[in-house]
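The values are calculated or read from the model by the stated rules, or taken from the named source; none is laboratory data. This structure is a prediction, so every number in the text was calculated from the model and none was measured. Don't worry about glycine lacking a Cβ; one is built from the backbone with ideal geometry, like all the others, and counts go over all protein chains shown. Side chains included, ligands, DNA and RNA excluded: accessible areas come from the protein's heavy atoms. Shrake-Rupley method; radii C 1.70, N 1.55, O 1.52, S 1.80 Å.
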Amino acid sequence: MNYELIYFIGIGGIGMSNLARYFIQQGKSVAGYDRMETPLTKALVAEGAKVHYEDYVRLVPAEFLDKEKTLVVYTPAVPASHSELQFFRQSGFTIMKRAQLLGEVTKTSDAVCVAGTHGKTTVSSMTAHLLRQSGVDCNAFLGGILKNYGTNLLLSDKSRITVAEADEYDRSFHWLQPWIAVITSADPDHLDIYGTPEAYRESFEHFTSLIRKNGYLILKKDAPLTPRTDATVTVFTYSESEGDFHAENIRIGNGEITFDFVSPNSRITGIQLGVPVKVNIENAVAAIAAAVLSGVKPDEVRAAMKTFGGAKRRFDFQLKTPNLVFIDDYAHHPQELTASIRSIRQLYPDRKVTGVFQPHLYTRTRDFADDFAQSLSLLDDVILLDIYPAREEPIPGITSGVIFDRITSKEKVLLKKAELLDFLENKELDVLVTLGAGDIEHLLPAIKQLLEKKSIGK
């Protein structure tokens with residue numbers, strides 16, 4: 001990178017912030033805009049970035065207005081009408097999408113890229129942890145904050161491996177050139193971008209064609225796509241119980257999950273999950289497969305999996321007492337909701353499970369309303385919030401009500417986000433889960449504090 005200054009539009013996003021951190025570590029000057037101050041933007045400022053929260057060109061630091069020295073990076077979530085983005089375009093600056101820049105970074109390393117409609121943050125985080133705790137080590141650009149490290153960026157001065165989350169939104173992952181690619185799922189999503197399920201899956205098939213020669217594809221067994229890999233690429237399948245890589249001798253009990261990892265030519269026995277949720281067996285199989293192909297040894301696998309603390313907002317226990325449990329999960333697609341809720345049911349089979357769900361995007365709500373209702377109906381009690389619009393404008397007739405009317409749970413209520421805390425204060429709770437990819441996370445500290453008081457009073 002020949003640019004001295006890098007300006008990020010949407011700098012507080014989980015994927016943008018790790019790139020910003022990377023370039024700060026590289027000694028570049030970094031600045032950017034985001035809609036609101038968050039723990040991530042505060043951390044970036046503490047690390048040396050200049051960040052502002054209003055879309056005014058006059059707030060861009062003067063030194064970043066030199067187009068010869070400044071690279072501008074933006075996320076597709078930023079609307080084309082954004083005045084700063086328009087200014088940089090009209091002024092002839094070099095502008096890249098976030099994924100394009102990540103692709104440039106990963107081209108100079110051995111990239112382990114994890115793609116999928118769901119599971120990619122957990123699998124990429126597990127893979128990075130396995131490599132980090134071994135003699136192999138890695139760099140990593142992750143879509144969540146790893147609890148073990150308190151960051152979404154890992155840097156190594158000795159490893160050629162870079163673990164990256166390969167985001168399918170806006171075909172971002174087409175900028176990457178994997179050495180090892182993992183595909184966890186290809187269930188249709190982002191139909192506002194792709195239009196049809198067929199186009200969505202074709203995008204994943206194109207991604208497989210980008211795997212470099214003599215590389216590897218680790219594909220979820222029965223994923224609905226046909227790889228287009230080079231003839232020199234080795235294709236493996238995986239799942240919890242079938243495929244080239246799978247788990248056997250699974251033991252679940254006393255809050256622990258242990259299993260054996262089976263590959264075509266070896267077995268690693270007695271692996272204990274640090275985050276003992278059933279869906280993580282399959283996630284771990286994919287991550288261990290990538291790690292073993294990268295050179296991680298069996299004893300290193302066992303030690304690292306046991307200490308893996310998970311990523312924030314991925315089946316994240318906020319409170320765990322004998323009489324009250326509070327879990328937060330980023331699930332925002334119907335199949336993610338189903339997996340999350342079923343995992344809770346397996347952990348707490350005889351308890352009442354209440355879920356708070358904040359739908360993410362009008363288009364996703366429109367496209368999957370029936371599926372969302374079916375997933376949420378697995379809960380005993382549903383609290384449904386208004387749609388979080390993110391990058392979208394409202395769509396006439398599309399509200400949370402289109403999901404709410406189809407939910408079959410005996411107890412259900414539709415609330416505004418501002419009403420949630422008061423509602424929870426007066427409600428009997430046993431196991432509570434908050435679900436969604438919107439701004440519900442900003443309420444987590446207040447909900448936790450409220451539930452801690454409730455727990456003491458029980």
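Around the amide H of ASP430, modelled in the peptide plane, lie the amide H atoms of THR354, all under 5 Å away and 5 or more residues distant in sequence or on another chain. Among [x] 4, 18, 26, 26, 19, 6, 1; [y] 3, 13, 14, 11, 7, 6, 5, 5, 6, 7, 7, 7, 5, 2, 1, 0, 0; [z] 4, 20, 30, 28, 15, 3, 0, which one is P(r) over Cα pairs in 10 Å bins from 0, in percent computed from these coordinates? Step by step, P(r) over Cα pairs in 10 Å bins from 0, in percent for this structure corresponds to label [z].
Between ILE250 and GLU68, the distance separating the two model label sites (each 7 Å from Cα on the Cα→Cβ line) works out to 6.1 nm. When peptides 393-402, 274-283, 19-28, 442-451 are ranked by their average number of other Cβ atoms within 10 Å per residue, the highest-first order is 274-283, 19-28, 442-451, 393-402. Among beta bridges identified by DSSP and lying wholly in the chain, the antiparallel ones come to about 25 percent.
Per residue, the chain reaches -9500 deg cm²/dmol at 222 nm when only DSSP H runs of four or more residues are counted, each adding -39500 (n - 2.57). Highest average first, the peptides 106-112, 178-184 ordered by how many other beta carbon atoms sit within 10 Å of their residues are 178-184, 106-112.
Normalising the average separation of contacting C-alpha pairs (under 8 angstrom, six or more residues apart) by the number of residues puts the relative contact order of the chain at 11 percent.
Dipole magnitude for the chain: computed about the Cα centre from +1 point charges on Lys and Arg Cβ and -1 point charges on Asp and Glu Cβ, it is near 880 debye. Let's test the formula: R0 of 22 Å, r as the Cβ-Cβ distance of GLN26 and HIS174. What FRET efficiency results, to the nearest 0.05? Efficiency, from the Cβ-Cβ distance: 0.35.
Accessible area per residue was computed with a 1.4 Å probe on protein heavy atoms; LYS69 scores about 90 Å².
What you get for the stretch 63-220, charging only the Cβ of Lys and Arg (+1) and of Asp and Glu (-1), is a dipole of about 460 debye around the Cα centre.
From the alpha carbon centroid of the stretch 25-74 to that of the stretch 217-254 is 41 Å. With R₀ fixed at 51 Å, the C-beta to C-beta distance from ARG267 to THR196 puts the FRET efficiency at about 0.75. Rolling a 1.4 Å probe over the protein heavy atoms gives the chain an accessible area of 41 Å² per residue. Per-residue 3J(HN,Hα) values for the stretch 155-161, derived from phi via the Karplus relation 6.51 cos²θ - 1.76 cosθ + 1.60 with θ = phi - 60°, read 10, 9, 9, 10, 9, 8, 8 Hz in sequence order (x marks Gly and Pro).
Solvent exposure of GLU452, expressed as accessible area, is near 80 Å², computed with a probe of 1.4 Å over the protein chains only. Residue order by solvent-accessible surface for SER377, SER241, SER124 is SER241, SER377, SER124, largest first, with ligands and nucleic acids left out and a 1.4 Å probe. Net length available on complete extension from SER377 to LEU444 is 21.8 nm, with 0.36 nm assigned per residue and the Cα-Cα distance removed.
Of the residues TYR362, THR408, ILE11, the one whose Cα sits farthest towards the positive end of the charge dipole of the chain is ILE11 (charges of +1 on Lys and Arg Cβ, -1 on Asp and Glu Cβ, taken about the Cα centre). Apolar share of the accessible surface for the stretch 307-458: 51 percent from carbon plus sulfur atoms, 1.4 Å probe.
Taking the Cα centre of the stretch 204-363 as origin and assigning +1 to Lys and Arg Cβ atoms and -1 to Asp and Glu Cβ atoms, the resulting dipole is close to 280 debye.
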